[in-house]
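Only one structure is covered here, and it is reproduced in the block below.
The values are calculated or read from the model by the stated rules, or taken from the named source; none is laboratory data. Values in this document were obtained by computation on a predicted structure and should not be read as measured data. A quick note on method: Cβ atoms are made from the backbone with ideal geometry, for glycine too, and the neighbour counts reach across all protein chains shown. Note: accessible area is taken over every heavy atom of the protein model, side chains too, but ligands, DNA and RNA are not part of it. Shrake-Rupley method; radii C 1.70, N 1.55, O 1.52, S 1.80 Å.
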Amino acid sequence: MKTYPNSLFLFLSLFLFACHSDTKQQIAKTAKDTVIGAEQSTTPVKSSPADAKTILSRKEVPVLCYHQIRDWKASDSQRAHDDIIPPANFRDHMKMLADSGYHTILPDQLYDYLNYGTKLPSKPIMISFDDTDLDQYTVGAAELKKHGFKGVFFIMTVSIGRPRYMSKAQIKELSDDGHVIASHTWNHKNFAQFTDEDWDIQIDKPTQTLEKITGKKVEYFAYPYGVFKAANLHKLKEHGFKAAFILSTPMDEVNPIYTIRRIIDPGRYTARNLYNSLQKSFNKKKVVTPAS
């Protein structure tokens, strides 16, 4: 029987152990890769966007709209008390939403939910601001930050940099902080009164301005006064928008994704008033059959 020196025996033993160890590691790695691949293969792939009937049948997500956040003046009309919310009231309302377990979502999340049925966090809500007022930055965004909320700011580009309105730097900061910057036309012209040239003046140029400021695509739009013209809704898609927002009127039965409903949070409301309004306005799932 052939014998080996002790040193040679030790070398062969170590070599065989290393080979065995490498094989086990390779098997483990292969198994791990297989699991990851399996996980990736089961990841849901977005199907085609939902049709109008499906979108209309989904439970509505609350979307709040704010304009000015300031104390009322003697010159303000009673009607203005709806569009102007005192800072103290705004703070109370945001605290109520946080304490009640609401989670803010952004337009992409809402778009995916409506089109593909993507899951949303519990008690979702979207908070939006129109018209570029400076107090939306100084009061609104600061208050959202306290509660870990994010919002969408619909910018009227003619106002950028003017007194009492946001600057380019402030809009950029909002975008960098995770809020969404979206379009609200150039000078608040009524969408229902658009002429052919307004698609460049009121839509394309404001989009270009905002994309240059933020470095991000602008894909959402809010109608001035909440007014839309059904015959022109399809053009918004042609001009790069994924969805658009109205105010309290019902969604369009043919193009619901371009008429997502919002409600104004009136400045005269208490936090309890707002909570009750949300329950009443957005608590029911509707089934609507679009007109043929």
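Overview of results
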item	result
Conditions (1) of a type outside the set (Asp, Glu); (2) closer than 25 Å to residue 49 by Cα; (3) open to solvent by 60 Å² or more (accessible area, probe 1.4 Å); number of the one not met by residue 218	(3)
Candidate set: region 89-119, residues that are outside any helix (DSSP H, G or I) and touching a strand residue (DSSP E or B) at 6+ places or on another chain (Cβ under 8 Å); chosen: the one least open to solvent (accessible area, probe 1.4 Å)	105
Close pairs (7 angstrom Cβ cut-off, 6 or more residues apart or separate chains): among the acidic types (Asp, Glu) in region 206-222, open to solvent by less than 10 Å² (accessible area, probe 1.4 Å) anywhere	211/218; 219/241
Region 225-242, subset among the hydrophobic types (A, V, I, L, M, F, W, C) and part of a loop (DSSP other than H, G, I, E, B), residue least open to solvent (accessible area, probe 1.4 Å)	241
Residue within region 120-142 that is free of Cβ contacts under 8 Å to residues at least 12 places away in the same chain and outside any loop (DSSP other than H, G, I, E, B) present	yes
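The rows are residues; the columns are (1) farther than 22 Å from residue 67 by Cβ; (2) assigned to a helix (DSSP H, G or I); (3) open to solvent by 20 Å² or more (accessible area, probe 1.4 Å).
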{"site": "170", "(1), (2), (3)": "no, yes, yes"}
{"site": "174", "(1), (2), (3)": "no, yes, no"}
{"site": "181", "(1), (2), (3)": "no, no, no"}
{"site": "187", "(1), (2), (3)": "no, no, yes"}
{"site": "195", "(1), (2), (3)": "yes, no, yes"}
{"site": "200", "(1), (2), (3)": "yes, yes, yes"}
{"site": "206", "(1), (2), (3)": "no, yes, no"}
{"site": "209", "(1), (2), (3)": "no, yes, yes"}
